[in-house]
Amino acid sequence: MEKREYCMKETKVYPQSEADQDFAKLLKNIRTEEKVSLDQLAMGLMSASQLVKIENGERPINKNIRDRLLERLGIAKELYENLLDLCDFEEWDYKKKILSAIQNKKIEDAYRLLKEYKAHLRENDRINHQFILAMWGEVLKQEGASKEKIAECYRKAVILTIPDAEKVWSEKRPLSVLEMNLLLETQTENLKICEKAIDKLRDAGRTYYLVELLEIEIQILETMPEIGKKMEYVISNYEIRQMLYKKHRIFYHIKGNDAVILAVLHTRLDINKALRKLKRDIK
């Protein structure tokens, strides 16, 4: 790990290469075409002025930042070919080992690799720290940890590069694949926590906090309307989605940035009958 420590903790300034200049032009062209502002693209990663220097070819960047900026603009990082330096390669190789350990459910190996990887990171390396927390979340899932613990892990990962996550969906900010997955994981885990709390209140025959919990569920659905499964069914030009909650189906459609709930029906009602009833109710 000596080489990794040197590569990841040592702050080095490399001279601008021809590849850096090419990337600078590519980045600025794509950002302009996609009508993404400097502030939107730089959010949680750097200042807008620092991004300007990158676009002007005045500031070199590492592979992590380069990949994150491209992904936020909707460009798969694999489509941008560039040679890796030794530090980038070592980092890529170590991440590959971590992912392999988690995929093969070798929890002890995953813990060891994640701790080693974290020990050799700079404190301000937000992207790599976010990767670690995302992987911790996967390990916690495999261990059967509480939903609250998993959600908190994902929340910490999200705010590293999205400090005001609650505004992301309404403002349609550019996100990388990992950032979007983390937001979905966070919202999904929060939804599960709400459902668990509602079940406990219902089983105990108590109603306090029930309204507040239901409001949280509605907020989650409103901020993440795509969470529901899209159905191959159209009613009055509405593209119908459904989300299952215990013994009920929540039917809704997306209007702009909002989720419009159409009906909540019991799952004992046949799905085809439920859709026919929904169609009658909407007309």
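The values are calculated or read from the model by the stated rules, or taken from the named source; none is laboratory data. Treat the numbers as computed from the prediction; the structure is a model and nothing was measured. Using ideal geometry, Cβ is built from the backbone for each residue, glycine included, and neighbour counts are taken over all protein chains shown.
The strands (runs of 3 or more DSSP E) found entirely in the stretch 225-283 include none that carry 3 or more residues being of a type in the set (Val, Ile, Thr), touching a Lys or Arg at 6+ places or on another chain (Cβ under 6 Å) and at pLDDT 70 or above. Going through (1) of a type outside the set (Phe, Trp, Tyr); (2) closer than 21 Å to Val177 by Cβ; (3) touching a residue at least 40 places away in the same chain (Cβ under 8 Å) one by one, Pro60 falls short only on (2).
Restricting the stretch 52-96 to residues that are within 22 Å of the chain's Cα centre (by Cα) and of a type in the set (A, V, I, L, M, F, W, C), the residue that is surrounded by the fewest Cβ atoms within 10 Å (Cβ to Cβ) is Leu79. Of the residues making up the stretch 37-51, those that are assigned to a loop (DSSP other than H, G, I, E, B) and surrounded by fewer than 17 Cβ atoms within 10 Å (Cβ to Cβ) are Ser37, Ser47. Give me the pairs: first residue in the stretch 152-167 and part of a helix (DSSP H, G or I), second residue aromatic (Phe, Trp, Tyr), beta-carbon distance under 6 Å, and six or more apart or on different chains, which are they? Correct list of pairs: Cys153/Trp136.
The residues listed here are Glu148, Glu143, Glu166; of these, the one that is at pLDDT 90 or above and over 28 Å from Lys63 (Cβ atoms) is Glu143. If you check Leu133, Leu99, Leu114, Leu140 for being among the aliphatic types (A, V, I, L, M), surrounded by fewer than 18 Cβ atoms within 10 Å (Cβ to Cβ), without any contact (Cβ under 8 Å) to a residue 60 or more places away in the chain and outside any loop (DSSP other than H, G, I, E, B), only one passes: Leu99. Can you name the residue in the stretch 62-96 that is more than 30 Å from Lys172 (Cα to Cα) and not in a helix (DSSP H, G or I) and is also modelled with the lowest pLDDT among such residues? It comes out as Leu83.
Quick check on my filter: what residues within the stretch 102-111 are surrounded by fewer than 18 Cβ atoms within 10 Å (Cβ to Cβ) and part of a helix (DSSP H, G or I)? The answer is Gln103, Ile107, Glu108, Asp109, Tyr111.
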